[in-house]
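In what follows, a structure is listed as structure tokens, so that the remarks can point back to it.
The values are calculated or read from the model by the stated rules, or taken from the named source; none is laboratory data. Values in this document were obtained by computation on a predicted structure and should not be read as measured data. Positions of Cβ are backbone-derived with ideal geometry, glycine not excepted, and every protein chain shown enters the neighbour counts. For the accessible areas, the whole protein counts, side chains as well, though only heavy atoms, and no ligand, DNA or RNA atoms are used. Shrake-Rupley method; radii C 1.70, N 1.55, O 1.52, S 1.80 Å.
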Amino acid sequence: MTLAFAAPTSDAIPLFLLAEDAVQTWLDGQNDAVRAWAKAHGFNGAVGQALTFPGENGVAMAAVGYGTPETRARGRFHLAAGAVRLPAGVYTLHSTLDPQVIEVEAQGWLLASYRFDRYKTQSPMAAQLVAPEEIDAKRVDAIANGEALSRTLINTPASDMGPPDLENEARQLADQFGAQISVITGEDLLGANFPMIHTVGRAADRAPRLIDMTWGASGPTLTLVGKGVCFDTGGLNLKPGSSMGLMKKDMGGSAAVLGLAQMIMATGMPLRLRVLIPAVENSVSSNAFRPQDILTSRKGLTVEINNTDAEGRLVLADALSLADEDKPDLIISMATLTGAARVAVGPDLAPYFTDNDALAKALEDAATSQADPVWRLPFHTPYETMIEPGIADLDNAPKGGFAGTITAALFLRRFVEHSPYMHFDIYGWQPSAKPARAKGGAGQATRALFAALPAALGL
């Protein structure tokens, strides 16, 4: 679905976003009837409050609470928290907040209007917002619709989002923005030297593939690599049913990089973009790869398979090797890679790794401003020995259970030698509905990355 601001209209309803400490001052400037109405309804500016004021022709104006610094710190997208309680109508926002804050809150309104309606008709959000004059509406629109793409791809079940379907989505995006795309499929992966992508996906009845999209004619070079495991049974190390329930989201990394790519292309960011997605299903069949198999990667490093359920890093490794061969100015990988990341930081935070402090600074400044939280974890080099099994160069699933997120990141770092590198171990899922974040697929860290790229790449 497309998220959009309402067209300006002369009869739009004024909407006031009021912090608790600003409510009384605002009420002092209103008439007695407005003050009485607000008092009768207990409006005090708390986060999530929404109140409409009657007029001769219906709703004369409305107010939404913005809370206190303490209550705002406990959540995000506070305008959206109240906006979903407003009746149908077109609203214009009035606020004395900083334009950057207003931009994020307006973005939250658009995100709150997202509906996943492929399989069932969903009621649209009643209230619509005219783009505030102080924001870059085109930019906010691009960000919101990039996030919407990520959500929809993740929400779509594997029956309709297997490797061929993911390829089709990438082709549609390329067509929309005039990007180039090529795809290597099935046995051709072996001839093109992508052995681990082929090995992980060969047991499925829908062939594995590497999707390669490029866009832009000038500027710094950015390569995004997204894990596209469209469904993960665990392979021969079969997951229990309870752990398979959300595995449609195991392509969340690919959904995230496609959403970010849409943001970049829609705004015409002056860079050269490449998107690499190894798209596979990790299935069970007579030709599935096995525990204790030793695979040889595109880079030539050998990998001992100690758990077929640690397959994401295998397909990413071949794609990262390809990315690194071109020596771009920045490589970013995104993947729903480890359960250890969720144990460490929960579903809200997007853990990331980089050895580049300047990149980390640019990202964290952007994450704060965009209400898209991230958390830096270390490429802790002393743990390198944990991913070295002795019989091969690398172990895909070190025993012991310690530092699983870090060892996975260290594994991936072995395949990037020539470029600055950032890796994100995202969850890609909102487990319960929050303001502007419906339960379901989520494009974590993409809004922060989009905002950070100009500083990170010197644009």
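Estimate the FRET efficiency between D175 and T121 by the formula 1/(1 + (r/R0)^6), using the beta-carbon distance for r and 41 Å for R0, to the nearest 0.05.
In this case the efficiency is close to 0.90.
Keeping every protein chain present and rolling a 1.4 Å probe, give me the accessible area per residue for the chain in Å².
Accessible surface, normalised per residue, equals 40 Å².
Over the range 59-205, what is the relative contact order in whole percent, taking alpha-carbon pairs under 8 Å and six or more residues apart?
18
Using modelled amide H (1.01 Å from N, peptide plane; none on Pro or chain starts), what sits under 5 Å from the amide H of T308, excluding residues fewer than 5 places away?
N237
What are the residues whose amide H is under 5 Å from the amide H of S333, where those residues sit 5 or more places off or on another chain and H is modelled from the backbone?
V225, M422, H423, F424
If you wrap a convex hull around the Cα atoms of the chain, how much volume per residue is inside, in Å³?
Numbers: hull volume 67.7 nm³, N = 459.
Cα-based convex hull of the chain, divided per residue, equals 148 Å³.
Grab the other residues whose beta carbon is less than 13 angstrom from that of A438, score K and R as +1, D and E as -1, and report the net. Display every interim value, and only then the final one.
Details: positive: R115, R151, K434, R437, K439; negative: D117, E147.
Here the charged neighbours net out to +3.
Taking each full run of DSSP H in the chain as one helix, which ones are at least 15 Å long along their axis (Cα atoms) and have mean Kyte-Doolittle hydropathy of at least -1.0? If you can, show how the numbers build up before the last one.
Details: long enough: 99-112 (19 Å, 0.51); 137-155 (26 Å, -0.04); 163-177 (22 Å, -1.21); 252-266 (21 Å, 1.45); 312-325 (20 Å, 0.61); 357-369 (18 Å, 0.05); 446-457 (16 Å, 1.37).
Span-like helices here: 99-112, 137-155, 252-266, 312-325, 357-369, 446-457.
Have a look at the DSSP beta bridges in the range 332-459 and tell me what percent are antiparallel, nearest 5.
Numbers: 6 of 13 bridges.
Bridges in the range 332-459 that DSSP calls antiparallel: roughly 45 percent.
With an 8 Å cut-off on Cα pairs and a minimum separation of 6 or more residues, tell me the relative contact order of the chain in percent.
16
In the chain, carbon and sulfur make up what percent of the accessible area (probe 1.4 Å)?
51
In the range 345-442, which chymotrypsin sites (Phe, Trp or Tyr not before Pro) are in a loop and have at most 12 other Cβ atoms within 10 Å, using DSSP for the loop call? Let's see the in-between values first.
On the way: sites: Y352, F353, W375, F379, Y383, F402, F411, F415, Y421, F424, Y427, W429; in loops: F379, F402, F415, Y427.
Loop-located and lightly packed - F402.
Just to check I understand the Karplus step: with θ = phi - 60° and J = 6.51 cos²θ - 1.76 cosθ + 1.60, what whole-Hz values come out for the range 269-276, glycine and proline as x?
Going residue by residue, I get 4, x, 8, 9, 9, 10, 10, 10 Hz, with x marking Gly and Pro.
From Cα pairs below 8 angstrom and at least 6 apart in sequence, can you work out the relative contact order of the range 135-250, rounded to a whole percent? All intermediate terms of the calculation are to be shown ahead of the outcome.
Working: 96 pairs, mean separation 31.3, N = 116.
Dividing the mean separation by the residue count of the range 135-250 yields 27 percent.
Take the chain, mark every one of the trypsin sites (Lys or Arg not before Pro) that falls in a DSSP loop and has at most 14 other Cβ within 10 Å, then report the longest stretch left between them, sites excluded.
Longest gap between qualifying sites, sites excluded: 121-398.
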